[in-house]
Amino acid sequence: MNHLFDQIRDRMPEPAKPFMDVFGRGVLSYGDMLADTARLANALVEAGVEPGDRVAARVAKSPEAILLYLGCVRAGAAFLPLNTGYTLSELGYFFGDAEPRLIVCDPEMAKDIRSVAPTTTVETLDAAGQGSLTRRAAQLSPDFADAARGPDDLAAILYTSGTTGRSKGAMLTHENLASNARTLVDYWRFTGEDVLIHALPVFHTHGLFVATNTILFAAASMIYLPRFDADQILAAMPRATSLMGVPTFYVRLLQQPGLTRETAAHMRLFVSGSAPLLADTHAAWRERTGHAILERYGMTETNMNTSNPYDGERVAGTVGFPLPDVALRVTDPETGAPLADGEIGMIEVKGPNVFAGYWRMPEKTRAEFRDDGFFITGDLGRIDDRGYVSIVGRGKDLVISGGFNVYPKEVESEIDQIDGVVESAVIGLPHPDFGEAVTAVVVRETGVDLEEADVCAPLAERLARYKQPKRVIFVDELPRNTMGKVQKNLLRDRLADLYAASAS
Ligand code: AMP
């Protein structure tokens, strides 16, 4: 038995049903998916891949990238997708750490990749799905006897974004992925009638697992776009039922006059995750389309942990309730003691969704699990009296100023309410007196003449003095990674000397 692929196969619709409607290329049916993943699995075996081996993929988004993931699962290998933004030296680190049996990359990268992984077999795959790998696979049988894999065997290794220190390889098992897919299909009511607009990258858990596995487990279909493109998404909506996006998708779609109730009339579900959705975006979306965006929370290591309800109230600024098979608690970050509802602390989770540990890092793995098996997420949050979970930020983003803890999210929420502010990021910067100084980085609406004092004055009435920013810096936009997360580490680096300079 092959734990993950058997469950996909058991749920498969008739072979002619579309699996992916690929922009610019036509339809790939479930029958095609089965035959093509068998061919790819045969090609992997021919390249020497054995069960338990890693197969790294640094490829553009194409349907074949998804088929390669499934081919790896069938061949019993762990799929290792790599962000296309990584530099060659970063790639060299991943190859050295994961020791893949095979690397699949864009043809134009092949020479460079061979230079950092000289002893590893390299095959190519381009954005159009062409390359040495597909040429090889095309010669091979459309049948494949899936490798025997149990629930605890590895299906994938995903390196975390690594905003501090070296990035770590999160080991995801067949059951981690399968359990989350089953749960999300139920919770979000996916059926064979659904058509998902897929515009996310496929090297990250959101586009690769949340979107793709949910569709496969529901025997549904997707409209597969190479990247986010507002016009293409709007054009797809009348044929689709659902969209999974990062918050930036929704912000950008709202800038389109073409986004109306009529355009969204055929849609039943808009999901947002990977970064916090502003309450303003939630409200604006509801007003424009009549739909309440459903926000959920997950991470590479855990798959999805919480979600706003399908039927109940979707509360902006919260990530909803723990999913049915996920246990979630909030604890004192220092002692690990559980905190009362309403108090801010470390979010810890446990369930079949939680990964098996960091690849070849037993110490780091041990440090991030409690003795009773809960994983320490690194996210700070609270649970309100109705059970809704809110995230107040990453633990490492906590600012400690003059010995007081300041939660950036609380200050950001106040700043974001000031007229003329689009959004803000609050960070702690080294300060000679306070240790760290609360600092606000603010994006103004275009044409609005907002000064530092205009931001500070209203905060003085709403926030304790130690939470008020010592300085406000205006920028045109906040730096974000491909998943829409604000890169506070870049802001901290850029502004590191702000107070040193003023003290001298
Ligand atoms: P990644 O492993 O790249 O998916 O990043 C996971 C992190 O993204 C989590 O630990 C959270 O800090 C953040 N995140 C994901 N979803 C949300 C959300 N809905 N609201 C706030 N933060 C989120």
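Values in this text are rule-based calculations from the coordinates and carry no lab data. Because the structure is predicted, anything quoted here is derived from the model rather than measured. Every residue, glycine among them, receives a Cβ derived from its backbone with ideal geometry; neighbour counts consider all protein chains shown.
Looking only at region 340-353, which residues are closer than 24 Å to GLY169 by Cβ and either within 14 Å of the ligand (Cβ to nearest atom) or part of a loop (DSSP other than H, G, I, E, B) (or both)?
Residues satisfying the conditions are MET346, ILE347, GLU348, VAL349, GLY351, PRO352, ASN353.
So that you can scan it fast, the table gives a plain yes or no per residue for (1) of a type in the set (Gly, Ala, Ser); (2) over 20 Å from the mean Cα position of the chain (by Cα); (3) within 13 Å of the ligand (Cβ to nearest atom):
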position: MET304; (1), (2), (3): no, no, yes
position: VAL326; (1), (2), (3): no, no, no
position: ASP332; (1), (2), (3): no, yes, no
position: PRO338; (1), (2), (3): no, yes, no
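Take the residues in region 282-300 that are within 12 Å of the ligand (Cβ to nearest atom) and in contact with a helix residue (DSSP H, G or I) (Cβ under 9 Å, 6 or more places away or on another chain); name whichever of them is farthest from ARG268 (Cα to Cα).
It comes out as THR300.
Here are some residues: SER401, SER390. Which one is in contact with a helix residue (DSSP H, G or I) (Cβ under 9 Å, 6 or more places away or on another chain) and either within 15 Å of the ligand (Cβ to nearest atom) or among the aromatic types (Phe, Trp, Tyr) (or both)?
Among SER401, SER390, only SER390 is in contact with a helix residue (DSSP H, G or I) (Cβ under 9 Å, 6 or more places away or on another chain) and either within 15 Å of the ligand (Cβ to nearest atom) or among the aromatic types (Phe, Trp, Tyr) (or both).
What are the residue pairs meeting all of these: first residue in region 273-297, first residue among the basic types (Lys, Arg), second residue surrounded by fewer than 22 Cβ atoms within 10 Å (Cβ to Cβ) and assigned to a loop (DSSP other than H, G, I, E, B), Cβ atoms under 6 Å, and 6 or more apart or on different chains?
The qualifying pairs are ARG286/ALA292; ARG288/LEU259.
If I filter region 465-493 down to residues being exposed (fewer than 14 other Cβ atoms within 10 Å of the Cβ) and free of Cβ contacts under 8 Å to residues at least 24 places away in the same chain, which single residue comes out as farthest from GLY420 (Cα to Cα)?
Of everything passing the filter in region 465-493, ASP493 is farthest from GLY420 (Cα to Cα).
When the residues of region 263-280 are filtered to those that are of a type in the set (Ser, Thr, Tyr) and surrounded by 21 or more Cβ atoms within 10 Å (Cβ to Cβ), which remaining residue is farthest from the ligand (Cβ to nearest atom)?
The qualifying residue farthest from the ligand (Cβ to nearest atom) is SER272.
Only one of (1) closer than 20 Å to VAL185 by Cβ; (2) crowded, with 22+ Cβ neighbours inside 10 Å is not met by ASP10, so which one is it?
Checking ASP10 against (1) closer than 20 Å to VAL185 by Cβ; (2) crowded, with 22+ Cβ neighbours inside 10 Å, the one that fails is (2).
Where the second residue is near the ligand (Cβ under 10 Å from one of its atoms) and basic (Lys, Arg) and the first is without any contact (Cβ under 8 Å) to a residue 40 or more places away in the chain and within 25 Å of LEU278 (Cβ to Cβ) and lies in region 391-404, which pairs have Cβ atoms under 6 Å and are six or more apart or on separate chains?
Note: pairs meeting the criteria are GLY393/LYS409.
Would a scan of region 311-321 turn up a residue that is within 13 Å of the ligand (Cβ to nearest atom), assigned to a strand (DSSP E or B) and under 30 Å from LEU80 (Cβ atoms)?
There is no residue in region 311-321 that is within 13 Å of the ligand (Cβ to nearest atom), assigned to a strand (DSSP E or B) and under 30 Å from LEU80 (Cβ atoms).
Grab the strands (runs of 3 or more DSSP E) fully contained in region 55-134, keeping just those with 2 or more residues being surrounded by 24 or more Cβ atoms within 10 Å (Cβ to Cβ).
Strands (runs of 3 or more DSSP E) meeting the threshold: 78-81, 102-105.
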